[in-house]
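S.K.: Pasting in a structure now, in structure tokens, and then I'll have a few things to ask.
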Amino acid sequence: MVEMRVAGIALDAASRSPIVLLRDPSGRRQVPIWIDQAQAQNIMAGLKDQSPARPLSHDLMAKLLEAGGLELQRVIIHTIEDSTFRAVLKLSGSDGQSHELDARPSDAIALAVRTGSSIWMLEEVVADASIPVDAEADAEDAADFRRFLDGISPAELVRHIRQAQSDSNPEEGGDEEAPGGETAPS
């Protein structure tokens, strides 16, 4: 397994969909995972250590774990099935028992960021889904994404997502999201 870190959030140039970028320790490989807008905002809020007036879902999840005597030990992104990443949360209880919960990678990443937990990926998944790193292009993508977020209303975002989905799935009408909503590069 390879310990990964969140390198940032980027924007897919073609579909304008957000992508969370996970980078390996060497900094030479990163794995893009396409996510939805809400998940991108949740991950960014966790990375910026923002404290909203009311807790976001992942802040609440972290508090529930704490109240239940559970600790998130690590997130493991273990496979890609039908172009969708799969992840599990490895939890330990105050009684010493271990627990494993299935989770969407974006939820697992947002929770790991808030709890300071590690994010791991099986080497086979990294090998299959990684792309070479270009730090300059990454910084430009991140800046583009921030400008995009700053300049769009929720209604415009919904219209944009629906248009992108219908453009990418003309025979299906583009109304349905892929299972899990998080995909690997084609």
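Every number here is computed from the coordinates shown, using simple stated rules; none is lab data. Fair warning: this is a prediction, and the values are worked out from it, not measured in the lab. Backbone-built Cβ (ideal geometry, glycine too); neighbour counts: all protein chains shown.
S.K.: Which shape class applies to the range 1-140: rounded if a/c is under 1.5, otherwise prolate when a/b exceeds b/c and oblate if not, where a ≥ b ≥ c are the square roots of the Cα gyration tensor eigenvalues?
M.R.: oblate
S.K.: Label points 7 Å out from Cα along the Cβ direction at Leu157 and Asp49: separation in nm?
M.R.: Inter-label distance under the simple model: 2.4 nm.
S.K.: At 222 nm, what value in deg cm²/dmol follows for the chain if DSSP H runs of at least 4 each add -39500 (n - 2.57) and the sum is divided by all its residues, to the nearest 500?
M.R.: -12000 deg cm²/dmol
S.K.: Now for a different question. Between Gln97 and Asp144, what is the spin-label point distance in nm, taking each point 7 Å from the Cα along the Cα→C-beta axis?
M.R.: Reported label-point gap for Gln97 and Asp144 is 4.9 nm.
S.K.: Based on the alpha-carbon gyration tensor of the range 1-57 and its eigenvalue square roots a ≥ b ≥ c, which shape applies: rounded if a/c is under 1.5, prolate if not and a/b is larger than b/c, or oblate?
M.R.: oblate
S.K.: Label points 7 Å out from Cα along the Cβ direction at Leu122 and Thr79: separation in nm?
M.R.: 0.6
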